1. For a quick check of your reading of the model, give me the residue pairs whose first member lies in the range 141-154 and is more than 13 Å from residue 104 (Cβ to Cβ), whose second is buried (at least 21 other Cβ atoms within 10 Å of the Cβ) and of a type in the set (D, E, K, R), with beta-carbon atoms closer than 8 Å and at least 6 apart or on different chains.
2. Looking at (1) crowded, with 21+ Cβ neighbours inside 10 Å; (2) under 23 Å from residue 164 (Cα atoms); (3) touching a helix residue (DSSP H, G or I) at 6+ places or on another chain (Cβ under 6 Å); (4) hydrophobic (A, V, I, L, M, F, W, C), find the lone condition where residue 106 falls short.
3. If residue 62 passes every condition in (1) over 30 Å from residue 148 (Cα atoms); (2) of a type in the set (D, E, K, R); (3) under 19 Å from the mean Cα position of the chain (by Cα) but one, which one does it miss?
4. With 239, 232 as the choices, which residue is touching a Cys at 6+ places or on another chain (Cβ under 9 Å) and assigned to a helix (DSSP H, G or I)?
5. For the condition in contact with a Lys or Arg (Cβ under 6 Å, 6 or more places away or on another chain) and either surrounded by 11 or more Cβ atoms within 10 Å (Cβ to Cβ) or modelled with pLDDT of 95 or more (or both), what is the one hit in 236, 276, 282, 262?
6. Mind telling me which of the residues 217, 249 ends up being aromatic (Phe, Trp, Tyr), in contact (Cβ under 8 Å) with a residue 12 or more places away in the chain and over 26 Å from residue 172 (Cβ atoms)?
7. Could you look through the range 262-287, keep only residues that are in a helix (DSSP H, G or I) and of a type in the set (Val, Ile, Thr), and pick out the one that is farthest from residue 179 (Cα to Cα)?
8. Of the residues that make up the range 22-32, is at least one of a type outside the set (D, E, K, R), crowded, with 19+ Cβ neighbours inside 10 Å, touching a residue at least 24 places away in the same chain (Cβ under 8 Å) and farther than 15 Å from residue 82 by Cα?
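The values are calculated or read from the model by the stated rules, or taken from the named source; none is laboratory data. It should be emphasised that the depicted structure is a prediction, and the values quoted were computed from it without experimental measurement. Neighbour counts run over all protein chains shown; Cβ positions are idealised from the backbone, glycine included.
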Amino acid sequence: MSKKILVTGASGEFGKLTTKKLIDDGHSVVASIREPKDRNKSSANELKAMGAHIVEIDVTNDNSVVDGVRLAIEMAGGLDVVVNNAGIGAFGIHETFTDKDWQKIFDVNVFGVQRINRAVLPHMREKKSGLLIHVSSLIGRMVLPFWGAYSASKWALEALAETYRVELSKFGIESCIVEPGAYPTTFFEGLMKPSDPFRNNNYEGLDQFAKEFSDGFGKALESNTQQNSQNVADAISIVINTPADQRKFRTVVDEMGMGDYIDDYNDQHEQFTLEIFKKFGIENMLKLQTQKDV
């Protein structure tokens, strides 16, 4: 069945591919981007050519989010799904990131998602149905050196999505997570660097190792043709097109060998979450209440 969908961060590779895939699936898609008439004009035109509605949203700005979501609802005639795809990456030695760096990362990857969700949830609760998809990362479940600030933001995003899952289930609203591995996209070109690199001088060459680690990782990505960004768009499509009471909470998307371990971890996490909720007598909060349950 055709759905009305908002995709944030639609000017990036994941966003564009996801928008196209969902339109090809027959859904109505509103693609949100920043500065669609200026810096991202070419992306806006590309998305329009696919058949998407375009709305300007800066997820770090409260008014922009509220106005943009309201306009998206008007454009699409409602919203059934939000794909929280907007994000920013960061790479560098942990100590060299300042508090302002951390605030910038979290403002997009965590607070931005919370702003979007808060703007759309009254509409979904009124309908007693909806789906929030949170695009996280495999390193939202583990850490790798030099990715700490980004990883921390995705860990926080995972907790946000888990809490929405249980607090919204009685309203027929589902919260799901998609966890991509690393993909050879322009994401790497836009990585935020720390504001206090001078502290590298006290790390005895670790900054050089960080560069070598990053270069080696990039080459590994480029050599693996199976690690195709279309996989992420396809995975999001599957989540959306799966019936509401049959969706997996977490979906791993990876062909680099990390994903299998995270899948196992996710299965264990799901089981012990259920057991802990049973101890509190609240296991029903893990089950989505759909219209047919009412």
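1. From residues that are more than 13 Å from residue 104 (Cβ to Cβ), the pairs are 141/179.
2. Condition not satisfied by residue 106: (1).
3. Only one criterion in (1) over 30 Å from residue 148 (Cα atoms); (2) of a type in the set (D, E, K, R); (3) under 19 Å from the mean Cα position of the chain (by Cα) is unmet by residue 62, namely (1).
4. 239
5. Matching residue, one of 236, 276, 282, 262: 262.
6. Answer to the selection: 217.
7. 276
8. no
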